[in-house]
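Below: one structure, written as structure tokens.
The values are calculated or read from the model by the stated rules, or taken from the named source; none is laboratory data. Treat the numbers as computed from the prediction; the structure is a model and nothing was measured. Every residue, glycine among them, receives a Cβ derived from its backbone with ideal geometry; neighbour counts consider all protein chains shown.
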Amino acid sequence: MENKGDGDFKPPAITEFDGMVLPPFPPLLEDAKKRFEEMRNLECRKDDVILATYPKSGTHWVWEIVCMLLKSKAEYSKETKEFLFLEAIPDISLVDNIPSPRPLNTHVPYRWLPKQHIENGGKIIHVLRNPKDVAVSLYHHLANANELGEDPDFKTFCEYIMDKESGKVMGGWFAYEKEFKQAEANDTCSAIFTVQYESLKKNPIQEIKRLAKYLDVDVKDEVVAVIADKCSFKKLKEANATLKDHSNVSKLHPKVEAEQIALKLYRKGEIGDWKNHFTVAMNEQFDAMFNEEMKDSKIQVLYE
């Protein structure tokens, strides 16, 4: 069982807007409503691609794959995905200077995506990751950022996120995924392409080919194979630490050095790491919560 000690648990500082728990990015801390409205009213281009994910669901990984596919080249982008992270960039108008096609990315729920993009029938790539691994990844992310107190344990964190009063983070996952599932079924404008994190991990070449077809890019099989290889967790982690320009990330997190950010963005990237953290009792409690929250949903989650 991988865990930390029984130190004092400190609930993370939470900023909320429209029922969502927000990450501590300056534009959201300063005026979340303003930034969300700027996003919803963003002037879009017909060839924009929006990557929409719940936090800790493989955003960096899929964004890199999408960038390579749009260029039809297995080359890493010098910029990090934060360069086009809509709720975090200091001034949203900066995206106006980005050449097309623009691979934008966001964690906001479907209702706050740019209206013009949806009306244009714009491409939306959505990544679904099983919530147990999301919870584990979020725990380590917050613990590494010293947001959970001294030597926090996963059991206390899990109890916190599953509690009906304080568990807004996990509750946010349920609401986020159900909203996207409903949009998939009902929206006649934009076709949402859902990638399952676990399927991409198990069958990268097959899933990257599906992505290429959705993006209407003609990529040869050998290029797809190189993209899959370069975007393996190990190689992407290495590229992130050695090739990426993290200056934009430093602006979002001014108290953290760029080198520290580079090392902390990638941890394991595994499927089923939740088994190393959840006890039998915790797992049963989580399953009960999932079954209750998702009883009317057709979402299929892969846990291993």
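Descriptive notes on the structure:
- Ala52 at pLDDT 95 or above, buried (at least 20 other Cβ atoms within 10 Å of the Cβ) and small (Gly, Ala, Ser): yes
- Of residues in region 165-189 being hydroxyl-bearing (Ser, Thr, Tyr) and more than 13 Å from Arg111 (Cβ to Cβ), the one modelled with the lowest pLDDT: Ser166
- Elements of type helices (runs of 4 or more DSSP H) contained in region 79-195, each with 1 or more residues being within 23 Å of Leu29 (Cβ to Cβ) and among the aromatic types (Phe, Trp, Tyr): 131-144, 154-162, 168-186
- Each residue in region 48-78 was checked for being outside any helix (DSSP H, G or I) and in contact with a Lys or Arg (Cβ under 9 Å, 6 or more places away or on another chain), and 15 pass.
- Beta carbons closer than 6 Å, at least 6 apart along the sequence or on distinct chains, pair a first residue in region 145-164 that is among the aromatic types (Phe, Trp, Tyr) with a second that is in a helix (DSSP H, G or I) for Phe154/Tyr139; Phe157/Tyr139.
- Index of the failed condition, Pro24 passing every other in (1) farther than 28 Å from Ile271 by Cα; (2) free of Cβ contacts under 8 Å to residues at least 12 places away in the same chain: (1)
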